[in-house]
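Colleague: I'd like to ask you about the structure that follows.
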Amino acid sequence: MKFKGVPMSAKKLVGLSDAARMLGVSVFTIRRLVARGDIGAVNVGARRLVAEGEIERIMQRGAGQSRPSKATQKGR
C-alpha cells in the first residue's frame with residue numbers, strides 16, 4: 001500500500017482526532033478536507049488515518065485557507 005508515492009511503513013499515521021488537534025481545527029473540518037481531497041487519508045479497518053506529512057503540508061499552507069473557487073480557477 002502506498003500513500004503519495006511513499007511506502008506506508010515509512011510514514012507515521014494519526015487518527016482524525018489527533019490530526020484535528022495538531023491543526024487546531026475540529027474533526028468535522030478534517031473530515032471535510034479529506035472528503036474534498038485536500039488531505040489524503042487511508043482506511044485501516046474501521047479507522048481513517050492521515051499521514052503526519054499531510055498534516056505538515058496543510059500546516060505550511062494554512063489549515064484555514066480555502067481552496068480557490070471554481071470561478072478563480074477558470075480565470076474569471
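The values are calculated or read from the model by the stated rules, or taken from the named source; none is laboratory data. Since the structure is predicted, the reported quantities are computational estimates derived from the model, not experimental observations. Using ideal geometry, Cβ is built from the backbone for each residue, glycine included, and neighbour counts are taken over all protein chains shown.
Colleague: Which one is surrounded by the fewest Cβ atoms within 10 Å (Cβ to Cβ) among residues in the stretch 19-37 that are within 11 Å of the chain's Cα centre (by Cα) and basic (Lys, Arg)?
Modeller: The residue in question is Arg36.
Colleague: If a residue must be at pLDDT 85 or above and part of a helix (DSSP H, G or I), how many such residues does the stretch 43-70 contain? Step through it out loud before you land on a result.
Modeller: Just the residues of the stretch 43-70 that are at pLDDT 85 or above, to begin with: 43-60.
Now drop any that are not part of a helix (DSSP H, G or I), which leaves 52-60.
Final tally of qualifying residues: 9.
Colleague: While we're on this one: What are the residue pairs meeting all of these: first residue in the stretch 35-62, first residue free of Cβ contacts under 8 Å to residues at least 24 places away in the same chain and of a type in the set (Ser, Thr, Tyr), second residue assigned to a helix (DSSP H, G or I) and surrounded by 14 or more Cβ atoms within 10 Å (Cβ to Cβ), Cβ atoms under 8 Å, and 6 or more apart or on different chains?
Modeller: Note: no pairs meet the criteria.
Colleague: Determine whether the stretch 33-40 contains at least one residue that is aliphatic (A, V, I, L, M) and either out of contact with any helix residue (DSSP H, G or I) (no Cβ under 9 Å at 6 or more places or on another chain) or modelled with pLDDT under 55 (or both). Lay out the reasoning, then the answer.
Modeller: First pass over the stretch 33-40, keeping only residues aliphatic (A, V, I, L, M): 33-35, 39.
Filter once more, so that each one left must be either out of contact with any helix residue (DSSP H, G or I) (no Cβ under 9 Å at 6 or more places or on another chain) or modelled with pLDDT under 55 (or both): 35.
Checked against the condition, which is being aliphatic (A, V, I, L, M) and either out of contact with any helix residue (DSSP H, G or I) (no Cβ under 9 Å at 6 or more places or on another chain) or modelled with pLDDT under 55 (or both), the stretch 33-40 yields at least one hit.
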